[in-house]
Amino acid sequence: MLIETLKSLYNRDLNKLKIEIESYQDESKIWAIDKNISNSGGNLCLHLIGNINTYIGAELGKTAYVRDRPLEFSLKDIPKSELISKIENTIVVVNNALDTLTEADLEKIYPQIVFEKEMTTGFFLVHLSTHLGYHLGQINYHRRLM
């Protein structure tokens with residue numbers, strides 16, 4: 001039950017991320033920052049892709065993804081089409097990884113210590129979903145401000 005709920009939420013929000021990136025009328029605005037906004041929509045998008053591909057793809061889906069977190073915030077001017085492609089690939093990774101899990105797997109301890117303490121896989125997957133939603137809202141607001 002929770003696995004299907006998580007799949008639904010990740011698919012909904014990753015598809016919404018794709019729509020947000022597509023909705024920037026001026027592609028250069030994806031990367032715009034200002035004195036009070038330190039992260040662009042593009043960098044937040046890269047951060048979400050890196051986060052999900054690390055904790056769901058590499059750890060649970062065994063994709064061998066290697067994260068370079070500093071690049072998520074320093075890369076600039078990646079074409080909109082490339083960001084969209086990365087989001088679409090992330091959707092596939094999430095669905096493939098979640099399809100391998102059982103409800104019993106959700107009760108197991110997540111294989112990595114992320115917040116300095118153990119947590120169940122189910123708890124961490126819910127956390128990652130809320131993290132996605134949090135930054136998705138920031139991207140929406142960034143797009144409308146720019």
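The values are calculated or read from the model by the stated rules, or taken from the named source; none is laboratory data. Fair warning: this is a prediction, and the values are worked out from it, not measured in the lab. With ideal geometry, Cβ positions are generated from the backbone for all residues, glycine too; neighbour counts draw on all protein chains shown. All accessible areas refer to the heavy atoms of the entire protein, side chains included, with ligands and DNA or RNA removed. Shrake-Rupley method; radii C 1.70, N 1.55, O 1.52, S 1.80 Å.
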Next on the checklist: Springs between alpha-carbon pairs under 10 angstrom, Gaussian network model over the chain: which of I19, I37, I84 fluctuates most?
Outcome noted: I37
Checklist entry - V92: accessible area at probe 1.4 Å, nearest 10 Å²? => result 80
Checklist outcome for this item: With the 1.4 Å probe rolled over protein heavy atoms, the chain has an accessible area per residue in Å² of 53
Checklist outcome for this item: Expressed as a percent, the accessible surface of the chain that is carbon or sulfur, using a 1.4 Å probe and the full set of protein chains, is 54
Checklist entry - So, in Å, what gap is there between the alpha-carbon centers of the stretch 38-59 and the stretch 84-146? => result 10
Checklist entry - Cα gyration tensor of the stretch 91-146, axes a ≥ b ≥ c as square roots of the eigenvalues: rounded (a/c below 1.5), prolate (a/b > b/c) or oblate? => result oblate
Item to check | Over the chain: helical MRE at 222 nm, DSSP H runs n ≥ 4 each giving -39500 (n - 2.57), nearest 500 | outcome: -20000 deg cm²/dmol
Item to check | Largest to smallest accessible area among M119, M146 [probe 1.4 Å] | outcome: M146, M119
Checklist entry - In nm, what is the difference between 0.36 nm times the number of residues separating A32 and L2 and their Cα-Cα distance? => result 7.1 nm
Checklist entry - Once the piece of chain linking N15 and L145 is laid out straight, how much longer is it, given 0.36 nm per residue of separation minus the C-alpha distance between them? => result 44.7 nm
Checklist entry - Which value in Å is the Kirkwood Rh of the chain over different Cα pairs? => result 15.7
Checklist entry - Measuring from a point 7 Å past the Cα of E103 along Cα-to-C-beta, which residues in the stretch 46-71 have an amide N at less than 12 Å? => result none
Checklist entry - So if we plug the beta-carbon distance of D77 and T130 into 1/(1 + (r/R0)^6) with R0 = 25 Å, what FRET efficiency do we get, rounded to 0.05? => result 0.25
Checklist entry - Once a ≥ b ≥ c are taken as the square roots of the eigenvalues of the Cα gyration tensor of the stretch 27-93, is the result rounded (a/c under 1.5), prolate (a/b larger than b/c) or oblate (a/b not larger than b/c)? => result prolate
Checklist outcome for this item: For the stretch 1-45, one quarter of the surface area of the C-alpha convex hull, expressed in nm², comes to 3.8
Item to check | Non-local Lys pairs in the chain, i.e. 8 or more apart or on different chains, that have alpha carbons under 13 Å apart | outcome: 4
